[in-house]
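The values are calculated or read from the model by the stated rules, or taken from the named source; none is laboratory data. What you are looking at is a predicted structure, and each value in this text was computed from that prediction instead of being measured. Ideal geometry is used to build each Cβ from the backbone, glycine not excepted, and the neighbour counts take in all protein chains shown.
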Amino acid sequence: MKNILITFDSTNYAIQCEAVLKEKGIKGQIMPTPREITKSCGISIRVDYEEIENIKGLINDGKIKVKMLYSFGEERIFEPIL
Amino acid sequence: MKVVDCKGLTCPKPVILTKKAVEDPDFDEIEVIVDNQASRENVKKFLQSANVDFNMEEKDGLYHFYAKKKGEIKKVDEPVVCSISNISVDQGLTYIISSDKLGTGDDKLGAMLMKSFIYSLTEITEKPGTVIFLNSGVKLTTEGSDVLDSLKKLEELGTEILSCGTCLDFYGLKEKLVVGSVTNMYTIVEKMNATKTIKI
């Protein structure tokens, strides 16, 4: 199963993004930012890869502010999505 | 279609049987049935590395793999790692979660930290034997909680999930429990005395 990992510049943006996803009916799973990506105690949100266009749309519309998007599967290799 | 029935078998048996069936020169199409998550993951991993086409369906707690030859079968010679079986559930460890937020301070932050915490429990290899939810903590095990998926996964992997009955009653959530079972204070105290307890 392919997923998207959304990372943020601040925890407040993560909280905001969670609320926006909920409002749009997109299932988002709060998770700690993997150690492969940051050593600090960051919060990320995992969503199904199918939502990629919706997520990009929310970013373009300025509804959510993200730091990076990564794709990853069960093998937990995080590839930045440009 | 040949059926490889692995009900009741634990890792590495299902993978060994699947491997045998797939490497059989007559292999074309098989169905593999397993009944636990560890075997499901291992069979899946094996089929992927063996270059076999497959899909998986879950039916009544059983996992059915429908595998089909798509070309040259890759010989997978590395030993079967019972990866999910590496997960250990420490029966001598209890977590008490006494709030639906983690830590004191901002509630929004606390709620988010709790989600992150519970999600991470599903990924770490050493899991607590029991997690007890008290006071507003019971909002996490009941309808409307955002961590139900994680808690269900944890329970499936062997952790006992208990919610305080008095607390469910107080919050009007008695009929809304989704994961785990109801417990009372005697059981909670006994668990605390008998195991290493960490209050979250």
Of the residues that sit in the stretch B:86-136 and are touching a Leu at 6+ places or on another chain (Cβ under 6 Å) and of a type in the set (S, T, Y), which one is modelled with the highest pLDDT?
B:S98
Which ones in the stretch A:29-62 are within 13 Å of the chain's Cα centre (by Cα) and either of a type in the set (K, R) or in a strand (DSSP E or B) (or both)?
A:Q29, A:I30, A:M31, A:P32, A:I43, A:S44, A:I45, A:R46, A:V47, A:D48, A:K56
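Which residue is surrounded by the most Cβ atoms within 10 Å (Cβ to Cβ), if the candidates are limited to the stretch B:41-77 and must be small (G, A, S) and not in a helix (DSSP H, G or I)?
Step one: of the stretch B:41-77, the residues small (G, A, S) are B:49-50, B:61, B:67, B:71.
Narrowing further to those that are not in a helix (DSSP H, G or I): B:50, B:61, B:67, B:71.
On the way: B:A50: 19, B:G61: 8, B:A67: 26, B:G71: 8.
By that ranking, first place goes to B:A67.
Need a quick list: helices (runs of 4 or more DSSP H) entirely within the stretch B:99-200 having at least 2 residues that are within 14 Å of chain A (Cβ to nearest Cβ) and in contact with a helix residue (DSSP H, G or I) (Cβ under 9 Å, 6 or more places away or on another chain). Walk me through how you get there before you give the answer.
On the way: elements: B:107-123, B:148-156, B:165-170, B:185-194.
Hits in the stretch B:99-200: B:107-123, B:148-156.
Against the condition more than 18 Å from B:E156 (Cβ to Cβ) and charged (D, E, K, R), how does B:D90 come out, does it pass? So that I can check it myself, show each step before the final result.
Values: more than 18 Å from B:E156 (Cβ to Cβ): no; charged (D, E, K, R): yes.
Taking the combined requirement at face value, the residue does not satisfy it.
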As an exercise: evaluate A:K67 against (1) away from every other protein chain (no Cβ under 11 Å); (2) under 27 Å from B:Q48 (Cβ atoms); (3) touching a strand residue (DSSP E or B) at 6+ places or on another chain (Cβ under 9 Å); (4) not aliphatic (A, V, I, L, M) and give the number of the one condition it does not meet.
(2)
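Count, please, the residues in the stretch B:167-188 that happen to be surrounded by 17 or more Cβ atoms within 10 Å (Cβ to Cβ) and without any contact (Cβ under 8 Å) to a residue 24 or more places away in the chain.
Just the residues of the stretch B:167-188 that are surrounded by 17 or more Cβ atoms within 10 Å (Cβ to Cβ), to begin with: B:167-168, B:173, B:177, B:179-180, B:182-183, B:188.
With without any contact (Cβ under 8 Å) to a residue 24 or more places away in the chain added as a condition, the list becomes B:182.
So the answer is 1.
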The residue from B:P14, B:P25 that alone is assigned to a helix (DSSP H, G or I) and without any contact (Cβ under 8 Å) to a residue 40 or more places away in the chain is B:P14
